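The values are calculated or read from the model by the stated rules, or taken from the named source; none is laboratory data. Please read these numbers as outputs of a predicted model, since none were measured by experiment. Note that each Cβ is placed from the backbone with ideal geometry, even for glycine, and that neighbours are counted across all protein chains shown.
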Amino acid sequence: MSNFFAHPTAVIDEGCTIGNDVKIWHFSHIMPNCVIGDKCNIGQNVVISPEVVLGKNVKIQNNVSIYTGVICEDDVFLGPSMVFTNVINPRSAVNRKNEYAKTLVKKGASIGANATIVCGNDIGAYAFIGAGAVVTKDVPDYALLVGNPAKQIGWVSINGHKLSFNSSGIAICPETNETYTLKNGKVELSED
């Protein structure tokens, strides 16, 4: 049995798997059959819909709804009041529960406050989505996107620093001194 904290006002439905050292804060609702990895922190007033999967160490800030069809890998950060969708053309009078689109947020990605992720678009590993951005297409690994609709304005390191590539396609993270390579529109961490 796992060891986790849930505030007394939190609701956890049956069939959920919750990892060790998870914290679930005030007025949050974990719906049936969710999988929540170790060391996740689920802020106040968060709704996690049925069958959502969260990896380890996912940080969810206040007022976020994660809808069925969303998967977050390890070390994902979801900023305050950011939004996922799960149906492309919702209508109140039309039941589209069998049309939920999948959205994958890959390892280490960060999504800023009040950003919107339109369903069916994957967010690459270590990508950084700026506050208020509206993502309408897939996001590459390490990409930095801002605006509505979101546009890529650069690249970031694993630690979230903007990378400046030289004419040879090499950049150094100012925090870790790790080397990154930009080649054919893709960024990779160089192996030393």
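If you go through segment 141-151 one residue at a time, do you hit one that is within 21 Å of Gly43 (Cβ to Cβ), among the hydroxyl-bearing types (Ser, Thr, Tyr) and touching a residue at least 24 places away in the same chain (Cβ under 8 Å)? Walk me through it before giving the result.
Kept after step one, since they are within 21 Å of Gly43 (Cβ to Cβ), are these residues of segment 141-151: none.
Among the residues of segment 141-151, not one is within 21 Å of Gly43 (Cβ to Cβ), among the hydroxyl-bearing types (Ser, Thr, Tyr) and touching a residue at least 24 places away in the same chain (Cβ under 8 Å), which makes the answer no.
What do you reckon, is Ser2 of a type in the set (Gly, Ala, Ser), surrounded by fewer than 17 Cβ atoms within 10 Å (Cβ to Cβ) and either in contact with a strand residue (DSSP E or B) (Cβ under 7 Å, 6 or more places away or on another chain) or modelled with pLDDT of 95 or more (or both)?
On the way: of a type in the set (Gly, Ala, Ser): yes; surrounded by fewer than 17 Cβ atoms within 10 Å (Cβ to Cβ): yes; either in contact with a strand residue (DSSP E or B) (Cβ under 7 Å, 6 or more places away or on another chain) or modelled with pLDDT of 95 or more (or both): yes.
For Ser2, the condition - of a type in the set (Gly, Ala, Ser), surrounded by fewer than 17 Cβ atoms within 10 Å (Cβ to Cβ) and either in contact with a strand residue (DSSP E or B) (Cβ under 7 Å, 6 or more places away or on another chain) or modelled with pLDDT of 95 or more (or both) - is met.
Could you count how many residues in segment 23-37 are in a loop (DSSP other than H, G, I, E, B) and surrounded by 17 or more Cβ atoms within 10 Å (Cβ to Cβ)? Break it down stepwise before answering.
Residues of segment 23-37 that are in a loop (DSSP other than H, G, I, E, B), as a first pass: 25-28, 31-34, 37.
Pick out the ones that are also surrounded by 17 or more Cβ atoms within 10 Å (Cβ to Cβ) and you get 25, 28, 31, 34, 37.
Of the residues in that region, 5 qualify.
Within segment 50-59, does at least one residue satisfy the condition of being outside any loop (DSSP other than H, G, I, E, B), within 13 Å of the chain's Cα centre (by Cα), buried (at least 19 other Cβ atoms within 10 Å of the Cβ) and without any contact (Cβ under 8 Å) to a residue 40 or more places away in the chain?
Of segment 50-59, the ones outside any loop (DSSP other than H, G, I, E, B) are 53-54, 59.
From what's left, within 13 Å of the chain's Cα centre (by Cα): 53-54, 59.
Add one more test, that the residue is buried (at least 19 other Cβ atoms within 10 Å of the Cβ), and what stays is 54.
When the remaining residues are screened for being without any contact (Cβ under 8 Å) to a residue 40 or more places away in the chain, the result is 54.
Scanning segment 50-59, I find at least one residue that is outside any loop (DSSP other than H, G, I, E, B), within 13 Å of the chain's Cα centre (by Cα), buried (at least 19 other Cβ atoms within 10 Å of the Cβ) and without any contact (Cβ under 8 Å) to a residue 40 or more places away in the chain, so the answer is yes.
Among the residues of segment 8-22, is there at least one that is at pLDDT 95 or above, buried (at least 17 other Cβ atoms within 10 Å of the Cβ), more than 19 Å from the chain's Cα centre (by Cα) and among the small types (Gly, Ala, Ser)?
Checking segment 8-22: at least one residue is at pLDDT 95 or above, buried (at least 17 other Cβ atoms within 10 Å of the Cβ), more than 19 Å from the chain's Cα centre (by Cα) and among the small types (Gly, Ala, Ser).
Report, by residue number, each residue of segment 60-95 that is of a type in the set (Ser, Thr, Tyr), at negative phi and within 15 Å of the chain's Cα centre (by Cα). Reasoning before the result, please.
Residues of segment 60-95 of a type in the set (Ser, Thr, Tyr): 65, 67-68, 81, 85, 92.
Okay, now just the ones that are also at negative phi, so 65, 67-68, 85, 92.
The answer is Ser65, Tyr67, Thr68, Thr85.
Working carefully through the options Ile158, Ile117, Ile88, Ile111, find the one that is in contact with a Leu (Cβ under 6 Å, 6 or more places away or on another chain) and hydrophobic (A, V, I, L, M, F, W, C).
Working: Ile158 fails: in contact with a Leu (Cβ under 6 Å, 6 or more places away or on another chain); Ile117 fails: in contact with a Leu (Cβ under 6 Å, 6 or more places away or on another chain); Ile88 fails: in contact with a Leu (Cβ under 6 Å, 6 or more places away or on another chain).
Residue meeting the stated conditions: Ile111.
Determine which member of the set Ile123, Ile42 is free of Cβ contacts under 8 Å to residues at least 60 places away in the same chain and either farther than 19 Å from Ala10 by Cα or of a type in the set (S, T, N, Q) (or both).
Only one candidate passes the filter, namely Ile123.
Can you list the strands (runs of 3 or more DSSP E) lying wholly within segment 96-192 that have 1 or more residues being under 18 Å from the mean Cα position of the chain (by Cα) and buried (at least 19 other Cβ atoms within 10 Å of the Cβ)?
Values: elements: 103-105, 143-146, 151-155, 170-172, 179-183, 186-189.
Output list reads 103-105, 143-146, 151-155.
Give me the pairs: first residue in segment 82-101 and under 13 Å from Gly69 (Cα atoms) and at pLDDT 95 or above, second residue loosely packed, with under 11 Cβ neighbours inside 10 Å and small (Gly, Ala, Ser), beta-carbon distance under 8 Å, and six or more apart or on different chains, which are they?
none
Take the conditions at pLDDT 95 or above, farther than 19 Å from Lys107 by Cβ and β-branched (Val, Ile, Thr) and apply them to Ile158. Does it pass? Can you show your working first?
Numbers: at pLDDT 95 or above: yes; farther than 19 Å from Lys107 by Cβ: no; β-branched (Val, Ile, Thr): yes.
For Ile158, the condition - at pLDDT 95 or above, farther than 19 Å from Lys107 by Cβ and β-branched (Val, Ile, Thr) - is not met.
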